[in-house]
Amino acid sequence: MYDAVVGPFVQYGFMQRALLGSVVLSVSCAPVGVFLMLRRMSLTGDAMSHAILPGAALGFLLFGLDILPMTIGGLVVGLVVALGSGLVSRFTVQKEDASMAAFYLISLAVGVLLVSWRGSSVDLMHVLFGSVLALNDEAIGLIVSIAAVTFLAVGFCWRGLVAECLDPLFLRSVSRIGGPVHFLFLVLVVLNLVGGFQALGTLLSVGLMMLPAVAARFWSNDVRTLCLIAIAIAVVSSLGGLLLSYHASMPSGPHHHARRGRLHPVRIFWSKRRACERAPVAPP
Amino acid sequence: MSDICLEFKNLTLGYQGRAAVHHLSGTAERGVLTAIVGANGSGKSTLMKGIAGILMPISGTCEQHFGRLAYLPQQSELDRTFPARVVDLVSLGFWQDRGLLGRITRRDRAKLAACLDAVGLTGFEKRPLDSLSGGQMQRALFARTMLQNADLILLDEPFNAVDERTVGDLLCLIKEWAAEGRTVLCVLHDHALVREHFRQTLLIARKLVAWGSTSEVLTSENLRRARNFHEAWDETAGWCEDERSNSSSVARQDDEPKQRVAAHV
């Protein structure tokens, strides 16, 4: 048991890095995912994860497989798409999801074009699916700083985030902070996706965000608890995914997701049962 | 003039350049309970948003002579499935005092408990929002409005999907607020309720039909005119200037309520 669970992390440096990276990413991504879900923007994360592809690809084309330019590229393009679609929805009749769909599809098309123009399919696979077992110091540093920024931003803006989700019109009547909080939140989404893409790839980094959040929703009826449960689920399934991929020598990015997905039906069943056991309280 | 709380001057409000409330003029006195009455789509909620500063005027002004505003949007604007507790919703009422980062003190918590007490939700702090009935939710929202300690209170259809007992309790609260010198504007559909409890009424049909004491405003003649305005407007879809120049009778009727308001002030 010790050999199977703890051994790999003690013996191998790359496993320690992967562990550190996954755990920090989990702690950072899960709360962002919870708010995405609560704002009915679950698929926005998905759209954004596609949208950052051309930025990453451009960085890759110009500077090779180097984390910094790819990250900055992804960040810039992701922010352009997020802010662009936000602005279009604010100032035109277009709904935010529609304008985001348009922006991200264009972005994805450009991204695939760029990658296939001057790269082999191996490179494409790397950009799309990442490699958590090959995290270097730079990547770890990036992930840790993004987590720190996310933690601070969510902490400081907590009240605004909750108010903006719960009763946006009320918030607009007492404060002008709603718009800035919304944009800051989109920035956090992009940051976390970019942080995740070294480890999990552009397409799959959104999984670490959404799956734990969606799973946690079955368990709790309070935002704070939801965030904590989502973090716990994310950490545990990242750990499980790493170990499984180590032992089965399979790609670890997709594995994380397969694990989380497999647990999903079980969770639905359990929480249904819990809901039945907890008899609804009759309002007085 | 110190007893004037709100002063509309030729106020036109709307969305994306299309007007929904046209050329509204008049004043609201301090400490008076005013009902805002009109058909669906007559611009009641738009007017509320305009006063709350959520919507910028297309033209004209809304001069505000009050300290603090509390706005209670329609319940449908709220995400009732959001996983939060009653205390999270109600404590939003501290926003004007505490802002984004200010700590909610023990004294604040006591105040919150007292407000929950006043709306009949004693001990509901920890209850999840999705377990509340429509009436309990509205009571919680009234508690939040009380916490805001505002001089002008805007209530947008507060009695939608609320049972009779709750309406009675909430009406008592609204009357207390007015007695404390707060100005209350309340969007309502139930004319019987308005006649019984509201001293002043503003009848709107995309433009002001009448504004004054309830008995003078809610006449069958005014209600008929409101209906006619509303239908006439649907045909010309928005541009008030044409309407005003085309139909002199409308312009004449427009002056009438102004005189009535003036007489009342």
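Couple of notes before you dig in:
- When the alpha carbon gyration tensor of the stretch A:14-209 is reduced to an equivalent ellipsoid, the three semi-axes, largest first, read 29, 21, 12 Å.
- Between the alpha-carbon centres of the stretch B:99-173 and the stretch A:177-228 there is a gap of 31 Å.
- Exposure of residue A:12 as accessible area (Å², to 10), given a probe of 1.4 Å and all protein chains: 90
- Taking a span of 24 Å or more along the helix axis (Cα atoms) and a mean Kyte-Doolittle hydropathy of at least -1.0 as the rule, no DSSP H helix of chain B qualifies.
- Among B:78, B:132, B:185, the residue with the largest mean-square fluctuation in a Gaussian network model of chain B, with springs joining Cα atoms closer than 10 Å, is B:78.
- The alpha carbon radius of gyration of chain B, expressed as a multiple of 2.2 N^0.38 Å, is 1.04.
- Heavy-atom accessible area, probed at 1.4 angstrom with all protein chains present, ranks B:145, B:27 as B:27, B:145, highest first.
- For residue B:126, solvent-accessible area (1.4 Å; no DNA, RNA or ligand), Å²: 150
- Where B:103, B:109 fall by accessible area, highest first, once all protein chains stay in place (1.4 Å): B:103, B:109
- In the stretch B:1-104, chymotrypsin sites (Phe, Trp or Tyr not before Pro) in a DSSP loop with at most 16 other beta-carbon atoms within 10 Å: B:66
- The mean of 1/r over all pairs of different alpha-carbon atoms in the stretch A:1-90, once inverted, gives a Kirkwood hydrodynamic radius of 15.6 Å.
- Links that overshoot a 29 Å alpha carbon limit, given the list B:44/B:175; A:95/B:9; B:111/B:207; B:111/B:175; B:175/B:207; A:95/B:111: A:95/B:9; B:111/B:207; A:95/B:111
- Computed on protein heavy atoms with a 1.4 Å probe, the accessible areas place B:141, A:68 in the order A:68, B:141, largest first.
The values are calculated or read from the model by the stated rules, or taken from the named source; none is laboratory data. Computed from a predicted structure; not experimentally measured. We place every Cβ from the backbone using ideal geometry, glycine too, and count neighbours over all the protein chains shown. What goes into the accessible areas is simple: the full protein's heavy atoms, side chains included, and nothing from ligands, DNA or RNA. Shrake-Rupley method; radii C 1.70, N 1.55, O 1.52, S 1.80 Å.
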